[in-house]
1. Since Ala79 meets every condition but one in (1) under 15 Å from Ile291 (Cα atoms); (2) in contact with a helix residue (DSSP H, G or I) (Cβ under 6 Å, 6 or more places away or on another chain), which condition does it not meet?
2. Six or more apart or on different chains, Cβ atoms under 9 Å: show the pairs whose first residue is in the range 237-252 and among the basic types (Lys, Arg) and crowded, with 18+ Cβ neighbours inside 10 Å and whose second is modelled with pLDDT of 90 or more and in a loop (DSSP other than H, G, I, E, B).
3. Any chance the range 3-19 includes a residue that's part of a strand (DSSP E or B) and surrounded by fewer than 20 Cβ atoms within 10 Å (Cβ to Cβ)?
4. For Val58, state whether it is touching a Lys or Arg at 6+ places or on another chain (Cβ under 8 Å) and touching a residue at least 12 places away in the same chain (Cβ under 8 Å).
5. So which pairs qualify, if the first residue must be in the range 213-236 and modelled with pLDDT under 85, the second must be assigned to a strand (DSSP E or B), the Cβ gap must be under 7 Å, and the two must be at least 6 apart or on different chains?
6. Kindly evaluate Gly202 against the criterion of being at pLDDT 95 or above and either in the same structural domain as Arg278 (by TED's automatic domain parsing) or of a type in the set (Gly, Ala, Ser) (or both).
7. Looking only at the range 35-66, which residues are outside any helix (DSSP H, G or I) and farther than 16 Å from Pro82 by Cα?
8. Among (1) of a type outside the set (Val, Ile, Thr); (2) assigned to a strand (DSSP E or B); (3) surrounded by fewer than 17 Cβ atoms within 10 Å (Cβ to Cβ); (4) in contact with a Leu (Cβ under 8 Å, 6 or more places away or on another chain), where does Asp214 come up short?
Amino acid sequence: MRKLVALGNPAAGGVDGDARRAVLEVLRGGADVEDVVLRSPGDLDAALDAHADRVPVVLGGDGTLHAVVAALLRRGEPAARPVGLVPLGTGNDLARALGVPLEPRAAARIVLDGRERPLDLLVDERGGVVVNAVHIGVGALASERAAPLKPVLRRAAYPAGALIAGVRGRGWRLRVTVDGQVVGDGRRRVLMVGVGNGTSIGGGTPLMPGARPDDGLADVVVSYTVPPWSRLAFALLLRLGRHQRRDDVLTFRAREVRVEGEPAPANADGEPHPPAPRRSWTVHPAAWRLIAPVE
């Protein structure tokens, strides 16, 4: 019988108490489960220490998954200790990319019956991780605008925030380098840079619709600033996953990505990061494992 430790914060946004109890009921029907409530950052390492022989199962969204994988990397355990995922967040973008059911009970059954799938990991210049995607510029502003709207609009909060941020944003002068090649020299303002293993951000917005989380490469999207009326068209095509057809959008696939220039806000796996003048990411192939549906 598989031994699991369920990790989550019932007070976090998007986590429904009834759904969480239903998930634990399913998990306990096929595994030995310890339930740990995460109320502070220190609780995570304490739980991983206390249950070193158990598979951590994230009951939450991309942010909680991000925190667990980051902790495993700090501990030198990501390749040796698989992770289960029951997406109880508001975005759940990596779950969407991997085909993990968004229905909690169905996702819990995948934890019991799925297979361990090696996945790539983006690691930044400071050792921080990205499991799904990071985006710089207007996308990060959209997430900020969407935060107060989540309790009411839930999944529709990000598109609403993107509309507000997209119309108002001026863009940033950014130098973008992929695998040593300069693809944006900083003279033309950039509206958004996205780097990721997953296909979507903001609860299903397909920023990188062709991305694969296990091919050893990150998908990169660079969107240049255009007049406000044209940004509305970009926002619509982005929601449909057709933005890459535009002349002001460039796409690449790379192992290393560097962004430098005017300080711009960023968002990694749904977590905001303050403006910074330079950032970089390197793909670590097959760096961690997630229990995913059997293909």
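1. Of the numbered conditions (1) under 15 Å from Ile291 (Cα atoms); (2) in contact with a helix residue (DSSP H, G or I) (Cβ under 6 Å, 6 or more places away or on another chain), the odd one out for Ala79 is (2).
2. Here the result reads none, with nothing in the range 237-252 linked to a residue that is modelled with pLDDT of 90 or more and in a loop (DSSP other than H, G, I, E, B).
3. Yes, the range 3-19 has at least one match.
4. In short, no.
5. Listed pairs, sorted by first residue: Thr225/Arg189; Thr225/Val190; Thr225/Leu191; Phe234/Ser223.
6. Values: at pLDDT 95 or above: no; either in the same structural domain as Arg278 (by TED's automatic domain parsing) or of a type in the set (Gly, Ala, Ser) (or both): yes.
Considered against the rule, which asks whether it is at pLDDT 95 or above and either in the same structural domain as Arg278 (by TED's automatic domain parsing) or of a type in the set (Gly, Ala, Ser) (or both), Gly202 comes out as no.
7. Asp35, Val36, Val37, Leu38, Arg39, Ser40, Gly60, Gly61
8. Result: Asp214 passes all but (2).
The values are calculated or read from the model by the stated rules, or taken from the named source; none is laboratory data. Bear in mind that the values here come from a model prediction, so they are computed numbers and not experimental data. Because the Cβ atoms are built from the backbone with ideal geometry, glycine has one as well, and the counts that use them run over all protein chains shown.
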